[in-house]
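Coordinate-derived values only; no laboratory data. In this text, all values refer to a predicted model and were calculated from it rather than measured experimentally. Positions of Cβ are backbone-derived with ideal geometry, glycine not excepted, and every protein chain shown enters the neighbour counts.
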Amino acid sequence: MMMMGVLMATLLASPVDDILQLVQEGRLSDAAAQTQSARLDPVDRDQLLGYLALRGRDFDRAVRFFERVLSREPDRASAWLYMGLALHRQGRHRESLAALDRAAPSAVGLAEFHTLRARSTRLTENATAAWAHIQTGLRRFESDPGLLREQVSLLLEVGAVATARRRAEQLFAVTPHPLDDRLWLARVLVNLGVVEEAAPVLEEAIALSATGQSASDAAPSTAELRAQLAWIYARLGRPYAAARLIDPSNSGSRAYAYEAADQWRVAGETARALAANRFVEDADRRRAQRLLILVEAGELERAAALGGVLDANTLDVATTYALAFAFVHTGRASAAKKLFERFDDDETPPGLEALRAQIAAALGDDEK
């Protein structure tokens with residue numbers, strides 16, 4: 001949690017060392033119990049309890065404690081600072097800014113203060129003022145990761161993607177968590193739909209992942225990162241690159257065998273698609289995908305043979321039409337017609353309309 005130093009400075013003369021040690025160890029309930037029983041000034045106790053609520057993400061409770069502090073000591077800057085943070089976490093950004101303004105005279109020496117003020121301002125959709133706050137902070141703390149991250153966020157929001165990527169390189173050069181910050185940037189870029197910019201960032205993240213450079217226990221595994229990058233490559237029309245990333249024979253993981261087989265299929269690599277498909281654990285899913293691969297490769301006899309082991313009632317529209325296509329072109333028109341009639345025209349997705357038309361034409365020819 002940011003700004004613990006503010007709290008320690010405020011309560012320096014109080015018996016809080018043991019309490020803050022419990023906070024550092026993550027034992028918030030023990031810290032709260034000790035705070036209640038410690039011999040503390042009532043205002044200091046409320047501020048410490050508000051801080052503990054903030055650490056525990058109980059922002060409503062935190063606000064109530066800081067309001068009690070400020071009702072008795074309206075000029076306590078540290079309480080205004082924490083109040084600003086709690087209000088920000090509640091999404092009450094204009095109120096957060098008002099609180100931060102009260103804290104400003106004592107908080108300008110904190111990089112986190114400038115970051116929080118810029119972020120709250122950005123979230124009120126005032127990009128010009130947010131940029132000014134960022135620049136003010138960077139003049140004091142030119143290499144602060146939080147301020148640099150906020151600068152990148154703002155640039156991305158206003159559509160200055162190229163500039164944001166250049167500033168992100170400054171962030172990566174100074175951040176203590178280079179993997180986490182790359183993952184953050186890649187996620188933002190994907191959410192903005194700029195997937196081509198996210199790809200090189202994720203490539204760097206995968207290289208770092210092998211070294212374990214992450215501050216987060218929930219950081220994705222290398223296999224998960226490879227799958228994310230494969231999804232991006234697929235979006236960019238690079239199925240071969242996507243498949244190579246997650247193919248079980250390359251990645252050492254079977255978790256994305258279905259996706260690998262699908263990308264090999266799109267790339268026209270039938271043998272590789274079938275090889276990856278063998279690692280798909282769910283038997284029904286494996287057979288259905290194998291059918292699609294075989295039909296697309298023109299191996300209709302092999303595809304039709306799978307019809308005997310597939311439950312037609314469990315097949316989706318695409319797989320149903322694929323099997324019907326195989327049947328009608330291997331002399332099994334009655335079976336093809338039965339499958340074909342499971343879905344009406346209005347149930348056919350746009351991408352399958354041409355296939356449905358081909359099946360209908362073949363069935364018509366067969367009946368002549």
Quiz prompt | Exposure proxy ranking, count of Cβ atoms within 10 Å, fewest first, for VAL317, VAL152, VAL309 | solution = VAL309, VAL317, VAL152
Self-check item: Approximate spin-label separation LYS338-GLN213, in nm, with each point projected 7 Å along Cα-to-Cβ
Solution: 6.0
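In debye to the nearest 20, how big a dipole does the chain give about its Cα centre with +1 on each Lys and Arg Cβ and -1 on each Asp and Glu Cβ? Before the final figure, lay out each step's value.
Details: 44 positive and 50 negative charges, 110 e Å.
Computed about the Cα centre, the dipole is about 540 debye.
Quote to one decimal, in nm, the extra length available between SER29 and VAL317 on full extension: 0.36 nm per residue of separation minus the C-alpha distance between them.
Details: separation 288, 0.36 × 288 = 103.68 nm, distance 5.42 nm.
Fully extending the segment from SER29 to VAL317 adds 98.3 nm.
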Quiz item: Fewest to most neighbouring Cβ within 10 Å: what's the order for LEU54, LEU123?
Solution: LEU123, LEU54
Quiz item: How large are Rg and Dmax for the range 25-165 when only the alpha carbon atoms are used, in Å?
Solution: 16.5, 56
Quiz item: Out of ASP60, ASP180, ASP262, any idea which swings most in a Gaussian network model of the chain, alpha carbons joined below 10 Å?
Solution: ASP60
Exercise. May I ask which residue of THR348, TYR240, ALA360 lies farthest towards the positive end of the charge dipole of the chain, with charges of +1 (Lys, Arg) and -1 (Asp, Glu) on Cβ and the Cα centre as origin?
Key: TYR240
Quiz item: At what distance in angstrom do the alpha carbon centres of the range 154-224 and the range 282-309 lie from each other?
Solution: 39
Practice problem: Using label points projected 7 Å from each Cα along Cα→Cβ, tell me how many nm separate SER249 and ASP282, to one decimal. | Solution: 2.5
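What FRET efficiency would be calculated for the residue pair ARG140, ARG89, taking the C-beta separation as r and a Förster radius of 25 Å, to the nearest 0.05?
Approximately 0.55, to the nearest 0.05.
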